[in-house]
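J.: Can you read through this structure? Questions will come right after.
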Amino acid sequence: MKPFIYHNPTKLIYGEKQDLIGKILGESGHKSVLLVYGRNSIKKNGLYDEVVKSLRDENIEIIEHSGVSSNPTLSHAREGLEKAKKVTSVLAVGGGSVVDESKAIAAAALSNCDIWELFTGKVPTYALDLYVILTISATGSEMNDGAVLTNEKTDEKFSYKSKLNYPKVSIINPKFACSLPNDYLAYSAVDIIAHTIEVYFNAEVHPNIQNRFAENIILSTIETTEKLLKNQNDLDARYEFALCSTWALNGLTKIGVGDVDFPCHMLEHSLSALYDTPHGAGLSVVIPAWLKWLVKRDDSQIRGFAKAVFNKDSAAEGIEELEKWFRKIGSPISLNELDISKKEINKIAQNIYKTSLRWRMSDIYTVNVIEDILNNAIH
Ligand code: NZQ
Ligand code: ZN
């Protein structure tokens, strides 16, 4: 194992606790909040009314910032930043997109900068207190230091990390995810698996404890996804699925494994930037394509994965089973299914290469290599 420091300051509250949000803000002295949410899911499932009541009961002034899109955009985040100048805290009620946009707004509001500067190298100095009520478990954003945003003018989907991005408190009541459509459930499952395998395959070292932890997260994600596709109201499965999601990207899987690259995310972010592909749908296309490239370089971890997750002896069978499972749950596995043709591969590769340079992965992920990987996703 490699030496490590682990510190995660987010307080997690799991269960039927969303009505506590007003008290939680009030106890921290907040008198005003920017309430950030997406389009209409929280109004349809009743969460919006509960949250607003809880805040009003504590006399907290609410300024709303709604309409965050899946794959949140810079222009919308900038609108939120203007509103944030009048509040002392930010409350994100939604999925990873809402949480990520809120993180950027909260940091830019007190760091005296434009939002895009955060995504292009500026280190934030202060941030408004950020609180989260999560409605879709997928990204792990509720308990991590990352944020992702798309600059729709330059077709760049960038991320940044900061310790200021950790929410103060995240409330996760998996019941609210029961209204999630099956396609997004599938994309969420893919994203959880993606976070787990990025570390599993790309870490410097692979201690058994972390290998088994990752395999357990993947197995539990597969099991609970299948239960939820049969019965979307299975609350036990919802709770376990939500925990898989939080555990997969809150830093726990990275403990003691050294440096980790995230190549599948690098590949996927350009699909979202150029085609507005849902994050999980893009991942289920690039993961098998990337594994088919990796297996020719080093198949040792893939063999372990094949055995532990699918009880298969060869790496090739492991990749095939994973691809079959993505297909079974209804997530795409080829660029064609995303209406992207072979002739677009160079354009996509050029976009990905920009991230490859930023993430210091360009010694391996050259434009040629990226094109080879993407070609594996043309079926
Ligand atoms: O806008 P509404 O109406 O709320 O609809 C949303 C949205 O259309 C809907 N939804 C959310 N909760 C629901 C619901 N529908 C019914 N019932 C509910 N309970 O689901 C759709 C997708 O929401 P979104 O927030 O976009 O999904 P997700 O959580 O997958 O977030 C994706 C974003 O997070 C980024 C992705 O790149 C993408 O931009 N990521 C963030 C990471 C991080 N901060 O650490 C890491 C990830 O790898 C990822 O890159
Ligand atoms: Zn992801």
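J.: So what does Leu243 come to for accessible area, using a 1.4 Å probe and Å² rounded to 10?
T.: 60 Å²
J.: Can you run the Rg to Rh ratio on segment 155-283? Use alpha carbon positions and the Kirkwood inverse-distance Rh. Walk me through the numbers before you get to the answer.
T.: On the way: Rg = 15.2 Å, Rh = 15.7 Å.
On the Cα set of segment 155-283, Rg over Rh gives 0.97.
J.: Round to the nearest 10 and report in Å² the accessible area of Glu61, as given by a 1.4 Å probe over the protein chains' heavy atoms.
T.: Accessible area, nearest 10 Å²: 100 Å².
J.: Of all accessible surface on segment 155-264 at a 1.4 Å probe, what whole percent is carbon and sulfur?
T.: With neighbouring chains kept in place, the figure for segment 155-264 is 50 percent.
J.: For segment 83-152, I need the span (max minus min coordinate) of the C-alpha atoms along each principal axis, in Å, sorted largest to smallest.
T.: For segment 83-152, the Cα extents along the three principal axes come out at 31, 25, 21 Å.
J.: Continuing with the same structure: Counting only residues 5 or more places away or on other chains, whose amide H sits under 5 Å from the amide H of Leu335 once H atoms are built in the peptide plane?
T.: HN-HN under 5 Å from Leu335: Ile378, His379.
J.: What helices in the chain pass both tests, a Cα length along the helix axis of 27 Å or more and a mean Kyte hydropathy of -1.0 or higher, using whole DSSP H runs?
T.: Within the chain the helices that satisfy the rule are 182-202, 208-230.
J.: Based only on Cα atoms, what mean projected area does the convex hull of segment 11-176 have, in nm²?
T.: For segment 11-176, the mean projected area of the Cα convex hull comes to 8.3 nm².
J.: Carbon and sulfur atoms: what percent of the 1.4 Å accessible area of segment 28-97 do they account for?
T.: 45 percent
J.: Let me ask something else. What's the local net charge at Lys44, with K and R +1, D and E -1, over the other residues with C-beta under 15 Å away?
T.: +1
J.: Per residue of segment 330-344, in order, report the coupling 6.51 cos²θ - 1.76 cosθ + 1.60 (Karplus, θ = phi - 60°) as ³J(HN,Hα) in whole Hz, putting x for Gly and Pro.
T.: Karplus values, whole Hz, x for Gly and Pro: x, 9, x, 10, 9, 5, 4, 5, 8, 6, 10, 9, 4, 5, 8.
J.: Need one number: convex hull volume per residue for segment 178-375, Cα atoms only, in Å³.
T.: Output value, Cα hull per residue: 113 Å³.
J.: Let me ask something additional. Using the Cα gyration tensor of segment 289-343, with a ≥ b ≥ c the square roots of its eigenvalues, what is the shape: rounded (a/c below 1.5), prolate (a/b larger than b/c) or oblate (neither)? Can you show the working numbers first?
T.: Working: a/c = 4.05, a/b = 1.56, b/c = 2.60.
Because a/c hits 1.5 or more and a/b fails to exceed b/c, segment 289-343 counts as oblate.
J.: Further, regarding this structure: Once phi is turned into θ = phi - 60°, what whole-Hz ³J(HN,Hα) does the Karplus curve with 6.51, -1.76 and 1.60 give for every residue of segment 136-143, x standing for Gly and Pro?
T.: 8, 8, 6, 8, x, 4, 5, 9
J.: Quick one: net charge around Ala281, please, counting Lys, Arg +1 and Asp, Glu -1 for every other residue with C-beta under 10 Å from its C-beta.
T.: Spelling it out: positives minus negatives among the neighbours equals -4.
J.: Further, regarding this structure: Which three extents, in angstrom, do the Cα atoms of segment 303-379 have along their principal axes, listed largest first?
T.: For segment 303-379, the Cα extents along the three principal axes come out at 38, 29, 16 Å.
J.: Taking amide H positions as placed in the peptide plane 1.01 Å from N, state which residues far from Lys11 in sequence (5 or more) or on other chains have amide H under 5 Å from it.
T.: HN-HN under 5 Å from Lys11: Val169, Ser170.
J.: Something else: Compute the signed sum of charges (Lys and Arg +1, Asp and Glu -1) over the other residues within less than 12 Å, Cβ to Cβ, of Met1.
T.: Within the 12 Å Cβ shell, the charges total +1.
J.: Can I ask one more? log₁₀ I(q)/I(0) of the chain at q = 0.08 Å⁻¹, via Debye over equal Cα point scatterers, no solvent, to two decimals?
T.: Values, matching the q order: -0.38.
J.: Could you tell me the center-to-center distance, by alpha carbons, between segment 72-136 and segment 163-180 in angstrom?
T.: After rounding, the separation between the Cα centres reads 16 Å.
J.: Hey, another quick one. How much accessible area does Ser75 have with a 1.4 Å probe, in Å² rounded to the nearest 10?
T.: We get 50 Å² for Ser75.
J.: Oh, and also: Give the residue list of trypsin sites (Lys or Arg not before Pro) in segment 142-215 that are DSSP loop and have at most 10 other beta-carbon atoms within 10 angstrom. Kindly include the intermediate steps, with their values, before the conclusion.
T.: On the way: sites: Lys153, Lys157, Lys161, Lys163, Lys168, Lys175, Arg212; in loops: Lys153, Lys168.
Passing sites in segment 142-215 are Lys153.
J.: In addition: Where only protein heavy atoms count, and the probe is 1.4 Å, what is the accessible area per residue for the chain in Å²?
T.: Accessible surface, normalised per residue, equals 42 Å².
J.: Any chance you could check the Cα centroid distance between segment 209-248 and segment 263-291 for me, in angstrom?
T.: 21 Å
J.: How many nm is it between the label spots at Ser300 and Thr120, if each spot is 7 Å from the Cα in line with the beta carbon?
T.: Taking the simple label geometry, Ser300 and Thr120 are separated by 4.2 nm.
The values are calculated or read from the model by the stated rules, or taken from the named source; none is laboratory data. Being a predicted model, the structure only gives us computed values, none of them experimental. Cβ atoms come from the backbone with ideal geometry, glycine included; neighbour counts cover every protein chain shown. These accessible areas exclude ligands, DNA and RNA; they are computed on the full protein's heavy atoms, side chains included. Shrake-Rupley method; radii C 1.70, N 1.55, O 1.52, S 1.80 Å.
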